[in-house]
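A short worksheet on the structure shown next.
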């Protein structure tokens, strides 16, 4: 499979909007009309269904990990899985099924990093959890975790994973631009609040 093919494959896999699908199937409504309108686990949690939020988290993260694994199996070269994993992150953020809108790539990005180099992904998850416990802010936790991912990749993995971590970090930060503005203004809500945060 060529580099473009790997990206497209990962993109299509990542584009599956599990948060929207699960909330609709469960009769919880259209998650895009709740809270921030985002399709990720944080916003799914605002439906009051922790089970749906947990399932969304696992499935969104799984998209990235599976894309890496399948890309490595079907692609050529040591970085084939990384290309398809990055494609999955882009697919989640810009899913064509929702008019190229989508999520912010946190769970899918972490899943991709776990699939690419599990110590990097697990460490980034630990950073997210630690930051969330201290600040109770999902967006800030994501920003800190992905900012930490490139140096973690430099420590635990190799150059290719560093490049992947940098690319994912850049897109995650861009998708969190509105959150960054609210963080700077001191108006970013905490986990569990109903205002926009993700």
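Observations on the model:
- Residue count for the stretch 30-45 satisfying the condition of being touching a helix residue (DSSP H, G or I) at 6+ places or on another chain (Cβ under 9 Å) and surrounded by fewer than 21 Cβ atoms within 10 Å (Cβ to Cβ): 5.
- The residue that is nearest to residue 126 (Cα to Cα), among those in the stretch 159-188 that are touching a residue at least 12 places away in the same chain (Cβ under 8 Å) and not in a helix (DSSP H, G or I), is 176.
- Number of residues in the stretch 59-78 that are without any contact (Cβ under 8 Å) to a residue 24 or more places away in the chain and either assigned to a helix (DSSP H, G or I) or surrounded by 23 or more Cβ atoms within 10 Å (Cβ to Cβ) (or both) equals 2.
- Members of the stretch 28-49 that are at pLDDT below 85 and outside any helix (DSSP H, G or I): 28, 29, 34, 35, 36, 37, 38, 48
- Residue count, the stretch 81-107 (criterion: crowded, with 24+ Cβ neighbours inside 10 Å and assigned to a loop (DSSP other than H, G, I, E, B)): 4
The values are calculated or read from the model by the stated rules, or taken from the named source; none is laboratory data. Values in this document were obtained by computation on a predicted structure and should not be read as measured data. Note: ideal-geometry Cβ built from the backbone for every residue, glycine included; neighbour counts use all protein chains shown.
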